[in-house]
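One structure is given below, encoded as structure tokens.
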Amino acid sequence: MSEIATFIEQTILKPDTSLTEVRRVCEEAQKHGFVGVCIPPYFVREARRIMDEINPRTRIVTVIGFPMGYSGIASKSEEIKRATEDGADEIDAVVNISAIKSAHWNHVGNDIEALALATNMRGRTLKLILECGLLTAEEISRVCELAATSRVAWLKTGTGFHGHPATPDMVRMLRALAPASIKIKAAGGIRNLVDAQALIDAGADRIGTSAGVEIVGASR
């Protein structure tokens, strides 16, 4: 098994994702030793069933408030409840970017606190998606502070849906601003081994990519 495989969440989040594709990424995760699969909420129950049959240790990851982040707090909390009941191990939830841009920091704090509470109380792991490419350094710093206060376990660079690929600079910024206890996931536009390794070298603990098979193949 390639060492880099242990950083990779094999991801498929296209709007036209099919069950056949979800089954494929689950099989790829088992074959290559990926740490997890990141899939749409609609397929969590089926992915849980598949992975329980072939490798129960593989993490089932899904997305909440994706990809815009501006759905209501109650809606996001309900999404998390359903996803965890279906078998998700980890929740990648988008922060309310519109609230950040409006400087509605009380709402942002409540949003992050509710996401953390809904996830942590069910014994699951939250990754807060910041969409770094749309935020200023000051805004990112403020979100990192709120995440630390709410005991968020991970920060994630972005959704990959808004034209801002993950960069080493994003990872380094998050690593510098967040407490050492918070881990970092890089996601968005990671297509090859060179890019993945640069992000890991910058401090990423996890790589979300649809090109996991190609990345592992290039590392051999």
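Here, each number is a calculation from the coordinates, and none is a lab measurement. Computed from a prediction, not measured in an experiment: that's the story for all the values here. Glycine also receives a Cβ, built like all others from the backbone with ideal geometry; neighbour counts cover every protein chain displayed.
Which order do Thr136, Thr62, Thr11 fall in if you start with the one that has the fewest other Cβ atoms within 10 Å?
By the 10 Å Cβ count, ascending, the order reads Thr136, Thr11, Thr62.
Picking from Cys132, Ile190, Met170, whose Cα lies most toward the positive end of the charge dipole for the stretch 114-191 (charges on Cβ: Lys, Arg +1; Asp, Glu -1)?
Ile190
Which whole-Hz ³J(HN,Hα) couplings does the stretch 38-54 yield from phi under the Karplus relation 6.51 cos²θ - 1.76 cosθ + 1.60, θ = phi - 60°, glycine and proline marked x?
Karplus values, whole Hz, x for Gly and Pro: 10, 9, x, x, 4, 9, 4, 4, 5, 4, 4, 5, 4, 5, 5, 7, 10.
If the cut-off is 20 Å between C-alpha atoms, which lysines fall inside it for Lys185, apart from same-chain ones fewer than 8 positions away?
Candidates past the 8-residue exclusion: Lys14, Lys127, Lys156.
With θ set to phi - 60° and the Karplus curve 6.51 cos²θ - 1.76 cosθ + 1.60, what are the ³J(HN,Hα) couplings of the stretch 139-146 in order, to the nearest whole Hz, using x for Gly and Pro?
Once rounded to whole Hz, the list reads 5, 4, 4, 5, 5, 4, 5, 5.
What are the residues whose amide H is under 5 Å from the amide H of Ile8, where those residues sit 5 or more places off or on another chain and H is modelled from the backbone?
The answer is Val35, Ile207.
If you place +1 on the Cβ of every Lys and Arg, -1 on the Cβ of every Asp and Glu, and leave all else neutral, what size is the dipole of the chain about its Cα centre, to the nearest 20 Debye?
Dipole magnitude for the chain comes out near 240 debye.
Run down the aspartates and glutamates and flag those whose C-alpha is under 15 Å from the C-alpha of Lys76, throwing out any fewer than 8 positions away in its chain.
Within the straight-line cut-off, Lys76 pairs with Glu85, Glu90, Asp92, Asp111, Glu113.
For the chain, what does the alpha-carbon gyration tensor say about shape, rounded, prolate or oblate, given a ≥ b ≥ c as the root eigenvalues, a/c under 1.5 as rounded, and a/b over b/c as prolate?
Because a/c hits 1.5 or more and a/b fails to exceed b/c, the chain counts as oblate.
What is the distance in Å between the Cα centroid of the stretch 15-68 and that of the stretch 155-192?
21
Can you compute the label reach from Lys81? Point 7 Å from Cα along the Cβ direction, backbone N cut-off under 17 Å, restricted to the stretch 41-67.
Under 17 Å, as judged by backbone N against the label point of Lys81, lie 64-65 of the stretch 41-67.
Can you compute the helix-only [θ] at 222 nm over the chain? Use -39500 (n - 2.57) per DSSP H run of at least 4 residues, normalise by all residues, nearest 500 deg cm²/dmol.
Rounded to the nearest 500, it is -14000 deg cm²/dmol.
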